[in-house]
């Protein structure tokens, strides 16, 4: 017994522990209620603070409040795509079955957050810039991200054999990942109408603390909402696959 | 294990190839990816008569609002090194003012002025309440007509004090 455990690489073992769908269902079933309640509380606190109690901006007035929805949605659109890319690596290299299902379920959620980001950005752009939409590098690259999500959603469901769909989707997701640094750095590499990032890791945020805190709390809330939806969808997908397996087995038995 | 490792290496190789290809393409198209050109680039005159976007700050003291007898608003767009006179008749965005960033769409005229048919306001990445902005102006740290607010590090630590908390 001991030699067997030592013989296995620790990395492979820990990865495949979560490949067991039964274990995933038990673990996620225990976590999901807490995750959902935490997400609801954080997002209502962050948005409530941001939309009603934070100060108005010195030049944008109350229109600045859209930042508490727009920026977290934009962060999650990118972070969601990053998680999609990570699932795709796990799926292509380690053939991780749960990663396939997770990638399939992340797609629509990420597309939804990207749509929120684009819509709120457009609503913000009209009063401040004077245009609903411009073709600058930041806006265009985020629109490309939205189309990548839509393409992934369509591609993973386009094959009769789900495995082939997951392979094709994973390759598309990884090719599209090249867009992520372009989105992030578009405002630094080229002239854009969109302003550069207010918050980065190298200097002080160019936001007053009374506006920064509600934004960060709202971003944590959006992250928890994203995670809760993806976990719930992946659970449903695992159970769906189980039920399909059971029905197939029963049908085969009845035929025999 | 070897097959997994091989797949990982293939994936890494593809990633490096794709990444460098993208970097090369973006570098090659660099001139076309910018949303606007600066007055310095515009002054070189290569874009005469073509529809382009000019971006920069509205020069302090240069705005002449349209009124009786003159339909167009006149102002100058500057990037510090060069400035170009712009005429525009239409509704200006709310954020338009001296010292503010703008992007104007239009064409350079033979007389060296720029005739705009669209004016967009560009705001910077600074967000602060009115009280903080007032405190900065009062203490002389920031003159709004001269450009964007000072770097965040110089005022963000003082912001809670300025709010009177």
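The values are calculated or read from the model by the stated rules, or taken from the named source; none is laboratory data. Everything numeric here is computed off the predicted structure, so don't read it as measured data. Cβ sites come from the backbone with ideal geometry, for glycine too, and all protein chains shown count toward neighbours.
Between A:136, A:100, A:57, the distinction of being buried (at least 17 other Cβ atoms within 10 Å of the Cβ), touching a residue at least 60 places away in the same chain (Cβ under 8 Å) and over 23 Å from residue A:231 (Cβ atoms) belongs to A:57 only. In the list A:210, A:203, which residue meets the criterion of being part of a loop (DSSP other than H, G, I, E, B) and within 8 Å of chain B (Cβ to nearest Cβ)? Exactly one residue qualifies, and that residue is A:203.
Among the residues of the stretch B:120-132, those that are at the interface with another protein chain (Cβ under 7 Å from one of its Cβ atoms), in contact (Cβ under 8 Å) with a residue 24 or more places away in the chain and either surrounded by fewer than 24 Cβ atoms within 10 Å (Cβ to Cβ) or touching a strand residue (DSSP E or B) at 6+ places or on another chain (Cβ under 9 Å) (or both) comprise B:120, B:121, B:122, B:123, B:124, B:126, B:128, B:129.
Pull up the stretch B:1-37, narrow it to residues that are closer than 25 Å to residue B:83 by Cβ and at the interface with another protein chain (Cβ under 9 Å from one of its Cβ atoms), then point me to the one that is surrounded by the fewest Cβ atoms within 10 Å (Cβ to Cβ). Filtering the stretch B:1-37 for residues that are closer than 25 Å to residue B:83 by Cβ and at the interface with another protein chain (Cβ under 9 Å from one of its Cβ atoms), the one surrounded by the fewest Cβ atoms within 10 Å (Cβ to Cβ) comes out as B:30. Would you be able to say whether some residue in the stretch A:58-70 is assigned to a helix (DSSP H, G or I), over 30 Å from residue A:180 (Cβ atoms) and more than 14 Å from chain B (Cβ to nearest Cβ)? Scanning the stretch A:58-70, I find no residue that is assigned to a helix (DSSP H, G or I), over 30 Å from residue A:180 (Cβ atoms) and more than 14 Å from chain B (Cβ to nearest Cβ), so the answer is no.
The sole residue among A:85, A:63 that is in contact (Cβ under 8 Å) with a residue 24 or more places away in the chain and within 11 Å of the chain's Cα centre (by Cα) is A:85.
Note on the stretch A:141-163: residues that are closer than 14 Å to residue A:103 by Cβ and in a helix (DSSP H, G or I) amount to 10.
Looking at the structure I just gave you, is residue B:40 under 22 Å from the mean Cα position of the chain (by Cα), surrounded by fewer than 18 Cβ atoms within 10 Å (Cβ to Cβ) and assigned to a helix (DSSP H, G or I)? Considered against the rule, which asks whether it is under 22 Å from the mean Cα position of the chain (by Cα), surrounded by fewer than 18 Cβ atoms within 10 Å (Cβ to Cβ) and assigned to a helix (DSSP H, G or I), residue B:40 comes out as yes.
Checked against (1) within 14 Å of another protein chain (Cβ to nearest Cβ); (2) surrounded by fewer than 19 Cβ atoms within 10 Å (Cβ to Cβ); (3) at pLDDT 95 or above, residue A:94 passes all but condition (3). The set of residues in the stretch B:96-117 being surrounded by 19 or more Cβ atoms within 10 Å (Cβ to Cβ) and in contact with a helix residue (DSSP H, G or I) (Cβ under 8 Å, 6 or more places away or on another chain) consists of B:108, B:114.
Of all residues in the stretch A:123-154, exactly one satisfies the criterion of being more than 18 Å from the chain's Cα centre (by Cα) and more than 14 Å from chain B (Cβ to nearest Cβ), namely A:123.
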